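No lab work stands behind these numbers, since they all come straight from the coordinates. Every value quoted in this text rests on a predicted model; they were computed, and no experiment measured them. Cβ placement follows ideal geometry from the backbone for every residue including glycine, while neighbour counts extend to all protein chains displayed.
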Amino acid sequence: MQAATASFLARFAGLKFRLPGDLAVREAACAQLIQDGLPTRALEAWKYTSLKPLAEITFAEALSDVSALDPAHLPGFFSLLPDLDLPRLVFLDGRYRADLSVLPEAGRVGQFALQPRFGARVGPLDLLNTMLAEDGVLIEIPADVDAGTVLLISLAQDTKGRPIAFHPRHRITLGDGARLELMEIAVGQGVYLHNPVYDINVGDGAQFTHLRLQDESRQAFHLASLHATLGARAIYDSFTLGLGGALARAEMQVVLGGEFGMAHLNAAQLLGGTQHGDFTTCVRHQAKHCGSRQTVKNVLAGSSRGVFQGRIEVARGADKTDGFQMNQALLLSPDAEMDSKPELQIFADDVKCSHGATVGALDEDQLFYLQSRGIDLATARSMLVRAFLAEALSQITLAPASESVIRAFLDARIETAFGGIAL
Amino acid sequence: MLEIKNLHAKIDEKVILNGLDLVVPTGEVHAIMGPNGAGKSTLSYVLSGRAGYQVTEGTATLDGQDLLAIAPNERAALGLFLAFQYPVELPGVGNANFLRTAMNAQRRARGETELDALQFLKLARVEMKKLSMDDAMLKRNVNVGFSGGEKKRNEVLQMALLKPSLAILDETDSGLDIDALRIVADGVNAQRGPNFSALVITHYQRLLDYIVPDRVHVLASGRIIRSGGPELALELERDGYAQVIAAAA
Ligand SMILES: Nc1ncnc2c1ncn2[C@@H]1O[C@H](COP(=O)(O)OP(=O)(O)OP(=O)(O)O)[C@@H](O)[C@H]1O
Ligand SMILES: [Mg+2]
């Protein structure tokens, strides 16, 4: 897809001497992108998601006066955040805003713009990010430190006919035995591209709870790539709630590199209109006695399209692997569509891996039962959709101190999303 | 008062109700008995508005209001309640949330104030105690994993909380043990009064020892073929349906 890359390559040419970090790394990414282009549906990993709509837009730079913007000019954004007095790291149009942020007491927090460091990531969207990344967050939790709950917030303002693209590069490192609960919220208005890349390292015995609320503008592009490596007995407990975006994809690559590691890659997508939501995962079991769990629920209204691709690779010698994957879709309209592709590649003996997928509509008998008790059809439908999502949402484990507020917040966002997609 | 006149209904071109007439005056409890497949559940579904049935002729009104013209939830708000022969399981829907949503939906429709969680809990606990139901049932998902008898009790609990003016109980007694039968019957009897009427569908005379009906009707081949007092149930128990059906033909 050369046309799509052209506008990004032009931006790189114009920006490159102002970008932080090793220019050679960026030039290499650029050369690779020129050679490969952005992925097309001819690639197996992109079979169900086309980036064509991206090619039709020329993205401008983020507004140069963005750092001077008064938060008072961001009406509505802050009401979209949970009412919690928690440390928060706020990005506006992809740039860190120290004035809006509150640092956590434990752990070290830095900025990619000041300490640029790239991990060796070679996926096509990683390359795009490597070429153009300007900022991002660096979080480092020292060994045996519990850093509590931190919010990571991405705001995108409406740039009115001058769509911007931002490519944050986040690095999150937990030392051995460290703990962190990170709740991400991505919101915005208008057309933009949010293309974050995450390098995540969870040390031996460390626990990283990663809650991602993707509630971008319904006109936005959200293309996220997450790379997580786990040590022995490490836990990576992630949940992605996808509500926003015209075109959204979250790709998670997790390597279970030490014995007794555990990865949860749970997700729920709630889409309507012509939204396209893609949740793609690859879990590499490289050590013995590791587990991976995935419960992925999709609620699809209008002519929306959901994609789930779940790959589990079990390397030779990774015995006693225990992998579970379940993908379910609820189609609320005859025009909605779900594409589901599980892939198991197992080279070890003595492995327990299972996967399943279901696609269905709301149950007429259940709807009638609710209605016969006086509940109107719209409410009955929303109750059954919530019931469908409940199993996925119950997988989120949160710190007790903020759990009820965060759950209420997620509920409210889901309720708003229901209103937007006409169940 | 429930008034059904010359009701004809079919499903998938198969005629099931075939000129059914029935009147249940306010304050009375009537029983419907009849062979398997006669159309008893179909009648209860058509009255409560389940999709898939085509009413080709006839009328059904509750207190003068046309039931057949309005949505199932509107019928419920008018005071109609159906205790299902096969209560539906709702995985992921908590029983307490379900009961409170239903109560508040009806209260809203009638212009009454809604119940908060605490007010609801108080009411629910009182009724559950009467039905010898464990409070834990409130926390479980609606009917999921409930035993047959627990499901039926949960239906009666809903009736007790929703306080309908007309309750249709479709074989609420089947699957109940002897003690449960008595508890459930007491639950129905507690509702009896000048503003409550019920249509009790059953196969067993035994239930009618506990819930003594004002009238008993025999439904066969989609119509009421005979009506009488409580003694009709005893006659059916003794002679079976064949004789009654033959005599009516
Ligand atoms: N969807 C359907 N398609 C075709 N026939 C149906 C359908 N639903 C019900 N019927 C038929 O309608 C008839 C009446 O069924 P109904 O359930 O009303 O009987 P019933 O009197 O309640 O019987 P029981 O005492 O066994 O509960 C039966 O012959 C049944 O098979
Ligand atoms: Mg029946």
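Laid out as a table, the results:
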quantity: Proxy reagent accessibility, fewest Cβ within 10 Å first, across B:Arg153, A:Arg97, A:Arg108; calculated: A:Arg108, A:Arg97, B:Arg153
quantity: For the stretch A:205-280, convex hull of alpha carbons as volume per residue, Å³; calculated: 61 Å³
quantity: Per-residue HN-Hα couplings for the stretch A:212-218 [Karplus 6.51, -1.76, 1.60; θ = phi - 60°; Hz; x = Gly/Pro]; calculated: 10, 9, 9, 10, 5, 3, 6
quantity: Column: log10 I(q)/I(0), Debye, Cα scatterers of the stretch B:2-248, q = 0.09, 0.15 Å⁻¹; calculated: -0.38, -1.08
quantity: Amide H within-cut-off set for A:Ser292, under 5 Å, with H built and near neighbours excluded; calculated: A:Ala263, A:Asp322, A:Gly323, A:Phe324
quantity: Antiparallel content of DSSP bridges confined to the stretch A:2-419, in %, to 5; calculated: 5 percent
quantity: Counting DSSP beta bridges with both ends in the stretch B:2-248, the antiparallel % (nearest 5); calculated: 60 percent
quantity: Ranked A:Phe12, B:Phe84, criterion: other C-beta atoms within 10 Å, fewest first; calculated: A:Phe12, B:Phe84
quantity: Percent RCO, i.e. relative contact order, over the stretch B:2-248, from Cα pairs under 8 Å lying at least 6 residues apart; calculated: 28 percent
quantity: Nearest-0.05 FRET efficiency for B:Arg192 and B:Ser227, computed from C-beta distance (R0 25 Å); calculated: 0.80
quantity: Cβ neighbours within 10 Å from other chains - mean over A:377-384; calculated: 3
quantity: Residue order, fewest to most surrounding Cβ atoms within 10 angstrom, among B:Lys122, B:Lys151; calculated: B:Lys122, B:Lys151
quantity: GluC sites (Glu not before Pro) within the stretch B:1-101, DSSP loop, no more than 16 other Cβ atoms inside 10 Å; calculated: B:Glu13
quantity: The stretch B:65-145: radius of gyration and largest Cα-Cα distance (Dmax), Å; calculated: 13.9, 39
quantity: Interchain or long-range residues, amide H under 5 Å from B:Ala83's placed H; calculated: B:Ile168, B:Leu169, B:Asp170
quantity: Charge dipole of the stretch A:110-255 about the Cα centre (unit charges at C-beta), most positive-ward option of A:Ile200, A:Val150, A:Gly242; calculated: A:Gly242
quantity: Reachable lysines, given that their alpha-carbon falls under 23 Å from the alpha-carbon of A:Lys341 and they are not under 8 places away in the same chain; calculated: A:Lys47, A:Lys52, A:Lys297, A:Lys352
quantity: Interchain or long-range residues, amide H under 5 Å from A:Leu152's placed H; calculated: A:Leu89, A:Met183, A:Glu184, A:Ile185
quantity: Kirkwood hydrodynamic radius (C-alpha pairs) into Stokes-Einstein, chain A, 4 °C and 1.567 mPa s, D in µm²/s; calculated: 59 µm²/s
